1. Answer yes or no as to whether residue 197 is over 15 Å from the mean Cα position of the chain (by Cα) and in contact (Cβ under 8 Å) with a residue 12 or more places away in the chain.
2. Scan segment 76-117 residue by residue and report those that are touching a residue at least 60 places away in the same chain (Cβ under 8 Å) and on the phi > 0 side of the Ramachandran plot.
3. Give the number of residues within segment 134-170 that are surrounded by fewer than 24 Cβ atoms within 10 Å (Cβ to Cβ) and over 25 Å from residue 240 (Cβ atoms).
């Protein structure tokens with residue numbers, strides 16, 4: 001555990017010292033938060049009611065889905081994982097450290113949003129802080145594990161951009177982040193329910209703010225937890241130590257199983 005703690009500390013500090021990581025963890029999400037809090041609330045006053053959960057979800061997404069997969073691919077391509085293998089470091093530890101680091105940065109940035117939203121922008125703040133933070137941590141873990149899975153199955157940094165955007169862009173458009181889920185056409189709702197950020201926003205809004213939601217907030221939180229475990233298991237199973245490896249134990253098509261919890265959720269919720 002001492003070695004893991006040291007690895008985690010180095011990963012966390014790298015997130016502060018690296019300009020790209022700082023952009024994804026703090027500058028982009030906090031800048032987006034300030035802009036949306038001023039502009040979007042003027043354009044759509046109803047946005048204020050769900051602004052904090054939505055902006056927290058965007059913050060967690062930016063730090064994990066947009067920032068983490070490329071880092072994992074670059075580290076693998078540099079052959080660093082081979083050195084870890086020689087020294088007996090298990091695959092789960094290699095993946096857990098950057099994920100926990102990304103989650104930590106995401107929680108710090110999200111806390112800045114939650115604490116300043118009311119005093120600075122007059123936005124509603126959680127009525128149940130414990131439920132809100134508990135749900136936020138589950139959502140952050142889900143996004144982090146999904147980001148690790150994307151990094152594991154991608155052959156290049158360009159591939160990570162493609163897969164990450166397949167999560168990020170639909171989430172922004174139909175995930176209930178910029179437009180309330182209840183205002184979307186009925187035909188879009190089942191597709192929105194297949195996106196992890198949709199359930200993250202609904203769970204935070206329902207459990208942390210006591211607001212009405214389209215999905216059951218409790219079940220949304222459960223889906224996020226199940227997805228976290230599923231993503232983590234798949235990421236460890238599909239992990240490659242060497243970019244030149246051509247004999248894998250499992251096909252990368254197994255990564256599709258990450259969709260299963262949300263497909264089931266979309267059918268039942």
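Just so it is clear, none of the values below were taken in a lab; they were calculated from the coordinates. Since the model is a prediction, treat every value here as computed from it, not as a measurement. Neighbour counts run over all protein chains shown; Cβ positions are idealised from the backbone, glycine included.
1. Numbers: over 15 Å from the mean Cα position of the chain (by Cα): no; in contact (Cβ under 8 Å) with a residue 12 or more places away in the chain: yes.
No.
2. 79
3. The qualifying residues number 5.
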